[in-house]
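Taking it in order: structure first as structure tokens, then the write-up.
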Amino acid sequence: MIEERHRKLHRFIQQRARASYRSAFYYERDNWEPLYVRDDVASQRLRDELPDIVKRARQNQPLLREEDYPPLGEVHATSEVHEGGVILHFPEGPEVGTIVSLDRDAARRLAGFVSQAMTILQSPQSSEYRAGTVDD
């Protein structure tokens, strides 16, 4: 079920990524819900692919596990940079998480963006995020 923290994340992405914000989906074990889908991205093809995308996201197999290399710590987010866009995956627990799609131009400040998004997802319900600028 979409919670206030997911709505805060949506507002954050709208403010930071603006026109580069393509879509966002929250998924749980048995369900998934869209947070946002930009009009030009909302297609039958996307609707057809989403169940498989969410299935792969639920499996969430990191490239580097924390127990294999403890100095790096646990996975907070993963990203895929494609020719036409960027996919961010924020695992929030076993078979639970959020998937965000951005246009490729948004990737130049990816590390700062991911850090702030994680802060929003991990913050108490009553707090607001504090957006700041991230130097390149």
Of the residues in the stretch 12-29, those that are more than 16 Å from L121 (Cα to Cα) and of a type in the set (K, R) come to R18, R22, R29
The residue that is surrounded by the fewest Cβ atoms within 10 Å (Cβ to Cβ), considering only those in the stretch 1-54 that are among the aliphatic types (A, V, I, L, M) and under 18 Å from M118 (Cα atoms), is I2
Of the residues in the stretch 59-78, those that are closer than 20 Å to P34 by Cβ and either in contact with a helix residue (DSSP H, G or I) (Cβ under 6 Å, 6 or more places away or on another chain) or in a helix (DSSP H, G or I) (or both) number 1
Taking the stretch 51-69 and keeping only residues that are among the charged types (D, E, K, R) and in contact with a strand residue (DSSP E or B) (Cβ under 8 Å, 6 or more places away or on another chain), one is left with R58
Here the qualifying pairs (Cβ atoms under 8 Å; residues six or more apart or on different chains; first in the stretch 23-38 and within 18 Å of L102 (Cα to Cα) and assigned to a loop (DSSP other than H, G, I, E, B); second of a type outside the set (S, T, Y) and modelled with pLDDT of 95 or more) come out as R38/R22
Those residues of the stretch 77-91 that are of a type outside the set (D, E) and at pLDDT below 90 come to a total of 4
Of those in the stretch 92-136 that are over 24 Å from I2 (Cα atoms) and in a loop (DSSP other than H, G, I, E, B), the residue modelled with the lowest pLDDT is D136
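The values are calculated or read from the model by the stated rules, or taken from the named source; none is laboratory data. From a predicted model like this one, the values you see are computed outputs, not experimental measurements. Methodologically, a virtual Cβ is constructed for each residue, glycine included, from the backbone with ideal geometry; neighbour enumeration extends over all protein chains shown.
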